[in-house]
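K.L.:
My structure is below; once you've seen it, I'll send some questions.
Read-outs: derived from the displayed coordinates by stated rules, not from any lab. The model shown is predicted, which means the values in this text are computed figures rather than measured ones. Using ideal geometry, Cβ is built from the backbone for each residue, glycine included, and neighbour counts are taken over all protein chains shown.
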C-alpha cells in the first residue's frame, strides 16, 4: 500500500526527547506501529504549545483513516483536536516508554571496507552498535543462508563493537541454528555480516532521507512566513510550481 507524505505540527520538546531516545531509522516505524494499535475512541487533549516544528511522515491510507476517525470521534464529544494532536500524543506515549537498558560486552567481526563505509554513510551519524542492535532485535528474522555460505571477503576490515549481551545471545542462537542447517560450523561474524547486509538493504529502501529533507524545507518555509509573511511564501510556492511545470513539459 502506497504511503502519502503528511506534515504535523509537533511541540519541539516532544521531538527533542523523541530524537534523543529513538534511533533515526526507527522513528517513523515506531510512530506507525503505535498508530496501528490505537483505539479509535481514545480521548486526546489538544496541544497548547506554540513552540512547534513541522514533522512530516509517510502514512498509508489505513493509518490516515485511523487518525481521521480519532479526530472525528473526539470532535463528536466536544473535544476539538487535529491530526497533529494525535501524532503529538503518539510521540509523547513513545517518549514515556522505558528506555532499553543495555548490558554490554565487547566483540568484533570482519567486514569488507567498502561495505563498512556504505553502512556508515546510510546511518548518517547514528551510532553503529545502537542501530545494529535495533535491527537485530526488531527486523532480523530470517538469515540468508545462501549469502552466509557464499560470502567471500575482498578487503576485510576488523570492526570492534560494543553490543548488548541480549543481542549477542540472539546472534549466537541464530549462529547455532544456521550451523545445524548447513552442516558445518558458522561463526558469529558470519551472522553479523548477514545482518548488516540485510540492514543496508532495508535502509536503502527507506525514504528517511527524503522525509528529513522535506522536514527541513517545511520548517524553513515556516520561518520564511514569520519573517516575510504569507505573500512571500505564496510567491515562493508559485516559483516552485513553475519550475516543476517547466520540467514536466
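K.L.:
Using packing as a proxy for protection, rank 165-171, 193-199 so that the peptide with the highest average count of other Cβ atoms within 10 Å comes first.
P.N.:
In decreasing order of mean packing, 165-171, 193-199 become 193-199, 165-171.
K.L.:
Of all the Cα-Cα pairs you can form in the chain, what percent are over 31 Å apart?
P.N.:
Summing the P(r) tail past 31 Å for the chain gives 41 percent.
K.L.:
In percent, how large is the relative contact order of the chain, given Cα pairs closer than 8 Å and 6 or more residues apart?
P.N.:
It rounds to 21 percent for the chain.
K.L.:
Right, here's the next one. By per-residue mean of other Cβ atoms within 10 Å, what is the highest-first order of 8-17, 59-68, 228-237, 143-152?
P.N.:
Top of the packing list down: 8-17, 59-68, 143-152, 228-237.
K.L.:
Can you give the Rg to Rh ratio for region 104-204, taking only C-alpha atoms and Rh from Kirkwood?
P.N.:
Here the Rg-to-Rh quotient is 0.93.
K.L.:
Relative to the present Cα-Cα distance, how much length would full extension add between residue 152 and residue 226 at 0.36 nm per residue of separation?
P.N.:
21.0 nm
K.L.:
Between residue 21 and residue 112, what FRET efficiency comes out of the Förster formula 1/(1 + (r/R0)^6) with R0 = 22 Å and r the beta carbon distance, rounded to 0.05?
P.N.:
0.10
K.L.:
Moving on to the next point. What's the whole-number percent of alpha carbon pairs in region 82-152 lying beyond 13 angstrom?
P.N.:
So the portion of pairs separated by more than 13 Å is 80 percent.
K.L.:
Sticking with this one: In a GNM of the chain with a 10 Å cut-off on Cα contacts, which of 163, 222, 119 has the highest mean-square fluctuation?
P.N.:
222
K.L.:
Given the C-alpha centroids of region 12-72 and region 143-210, what is the distance between them in whole angstrom?
P.N.:
Region 12-72 and region 143-210 have Cα centres spaced 32 Å from each other.
K.L.:
Which of rounded, prolate, oblate describes region 1-99, given a ≥ b ≥ c as roots of the alpha-carbon gyration tensor eigenvalues and a/c under 1.5 marking rounded, otherwise prolate only if a/b is larger than b/c?
P.N.:
The shape class here is oblate.
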